[in-house]
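Only one structure is covered here, and it is reproduced in the block below.
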Amino acid sequence: MDEDPVVSPLRRAEAKRCGLTDSRLRRTHSPVFRGVHLPKGQPRMLADRLRAALAVVTPGSFVSHHSAAQLWGAIVPDHPDVHVTSRVNRTRRQGITAHRAKKDQTVVRWAGFAVTSPTQTFLDMAHHLTLVDLVVLGDSLVRRKRTTPDALVSAADGKVGPYRRLARRAASLVRRGVDSAMETRVRLLVVLAGLPEPEVDHRVHDADGNLVRRYDLSYLPFPLILEYDGRQHAESTLQWQGDIDRDEALDDDGIRRLVIVRDGVYGKPGTTLVRIMRAMRRAGMPVPPLKDEWRRHFPGRPGDVLHPR
């Protein structure tokens, strides 16, 4: 994590001891949480909000859950509160979600904070995330080199208590080399539908070992790759020309590139599965009957294909 300029939070009680009146405090600082302020005009960086929260919660508390995931640079659903955990009791304060520490919870130092380790953060978030969001978190932690799939599987296997089955299932689906959350979602749509799992991050090198191409999701040696494209249009003429050159190279190799966009995941997952199965059959792949688990995680919208075949 890049180091942000340190901005020390100022508690109201400390301001009074320094002779700073409430009116002066309001002119120079703005409240972050009840009883703690930061200088006005200062961008609210994650680290600043964490310091402000830790200044008013139970001493010895540490960063955890959503906030820990953000501190590790991972992908997690937004949450308005700062999340901390205490080994003593739980502070109640608006804007701060406080958790009670669990036995053997692993805490480390990172970026100047006591924070749950990446693997511990993954386990803790099993209590708060869906299967898909938990795998997205795991993939992003691995991509940031904070942990490994094997470490997550091992930790999840040792987890006891509620949500252990979810943690184990999610850990078993975490992969290396995943570029984005949407790439994870495309892969899980396929897997939860019972279709063969594509290979992640297949790389093609020339005779000298230079990287020529990489495929996000592929079924090689079957001539089929899947690719999520979040752009609505080419970002630049150079990018557009690069895409054309790549597509022509794929055509020369006889490889079908199936592009999936955001609406194909959130709006029309059934339609997307129809497209994938059709491409699989054309590529000579065996296509098993679909399972229904995908419907729970990818419900789609009215107008989508209800029974992909």
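The values are calculated or read from the model by the stated rules, or taken from the named source; none is laboratory data. All figures in this text were calculated on a predicted structure; none of them were measured in a lab. With ideal geometry, Cβ positions are generated from the backbone for all residues, glycine too; neighbour counts draw on all protein chains shown. Ligands, DNA and RNA are excluded from the accessible area calculation, which covers all protein heavy atoms including side chains. Shrake-Rupley method; radii C 1.70, N 1.55, O 1.52, S 1.80 Å.
Across segment 80-114, which residue is surrounded by the most Cβ atoms within 10 Å (Cβ to Cβ) among those that are outside any loop (DSSP other than H, G, I, E, B) and of a type in the set (A, V, I, L, M)?
Val84
For segment 115-140, name all the residues that are under 12 Å from Lys159 (Cβ atoms) and either outside any helix (DSSP H, G or I) or of a type outside the set (A, V, I, L, M, F, W, C) (or both).
If the condition is that a residue be under 12 Å from Lys159 (Cβ atoms) and either outside any helix (DSSP H, G or I) or of a type outside the set (A, V, I, L, M, F, W, C) (or both), then Thr119, Gln120, Asp124, Ala126, His127 are the ones that fit.
Touching a Lys or Arg at 6+ places or on another chain (Cβ under 8 Å) and not in a loop (DSSP other than H, G, I, E, B): is that true of Leu54 in this structure?
Against the criterion (touching a Lys or Arg at 6+ places or on another chain (Cβ under 8 Å) and not in a loop (DSSP other than H, G, I, E, B)), Leu54 does not qualify.
What helices (runs of 4 or more DSSP H), lying completely within segment 228-309, carry at least 3 residues that are modelled with pLDDT under 90, exposed (fewer than 13 other Cβ atoms within 10 Å of the Cβ) and out of contact with any Gly (no Cβ under 7 Å at 6 or more places or on another chain)?
Ranges flagged: 237-252.
Determine whether segment 103-119 contains at least one residue that is of a type in the set (D, E, K, R) and modelled with pLDDT under 95. Lay out the reasoning, then the answer.
Let us first name the residues in segment 103-119 that are of a type in the set (D, E, K, R), namely 103-104, 109.
Subset that is modelled with pLDDT under 95: 103-104.
Yes, segment 103-119 contains a residue that is of a type in the set (D, E, K, R) and modelled with pLDDT under 95.
Yes or no: His128 more than 21 Å from Met45 (Cβ to Cβ) and under 21 Å from the mean Cα position of the chain (by Cα)?
yes
Using the structure shown, decide if Val76 is in a strand (DSSP E or B) and within 25 Å of Thr148 (Cα to Cα). Working first, answer last.
Values: in a strand (DSSP E or B): no; within 25 Å of Thr148 (Cα to Cα): yes.
Considered against the rule, which asks whether it is in a strand (DSSP E or B) and within 25 Å of Thr148 (Cα to Cα), Val76 comes out as no.
All but one of (1) touching a Ser or Thr at 6+ places or on another chain (Cβ under 6 Å); (2) within 18 Å of Val174 (Cα to Cα) hold for Ala68, so report the exception by its number.
(2)
Answer yes or no: is there a residue in segment 133-155 that is modelled with pLDDT under 95, of a type in the set (A, V, I, L, M) and surrounded by fewer than 21 Cβ atoms within 10 Å (Cβ to Cβ).
Checked against the condition, which is being modelled with pLDDT under 95, of a type in the set (A, V, I, L, M) and surrounded by fewer than 21 Cβ atoms within 10 Å (Cβ to Cβ), segment 133-155 yields no hits at all.
From the residues in segment 64-79 that are among the small types (Gly, Ala, Ser) and farther than 14 Å from Leu54 by Cα, which one is surrounded by the most Cβ atoms within 10 Å (Cβ to Cβ)?
By that ranking, first place goes to Ala69.
Please verify whether segment 174-181 includes one or more residues that are farther than 14 Å from Leu71 by Cα and open to solvent by less than 10 Å² (accessible area, probe 1.4 Å). Talk me through it step by step, then tell me what you get.
Taking segment 174-181 first, the residues farther than 14 Å from Leu71 by Cα are 174-181.
Those still in the list that are open to solvent by less than 10 Å² (accessible area, probe 1.4 Å) too: 174, 178.
Taking every residue of segment 174-181 in turn, at least one turns out to be farther than 14 Å from Leu71 by Cα and open to solvent by less than 10 Å² (accessible area, probe 1.4 Å).
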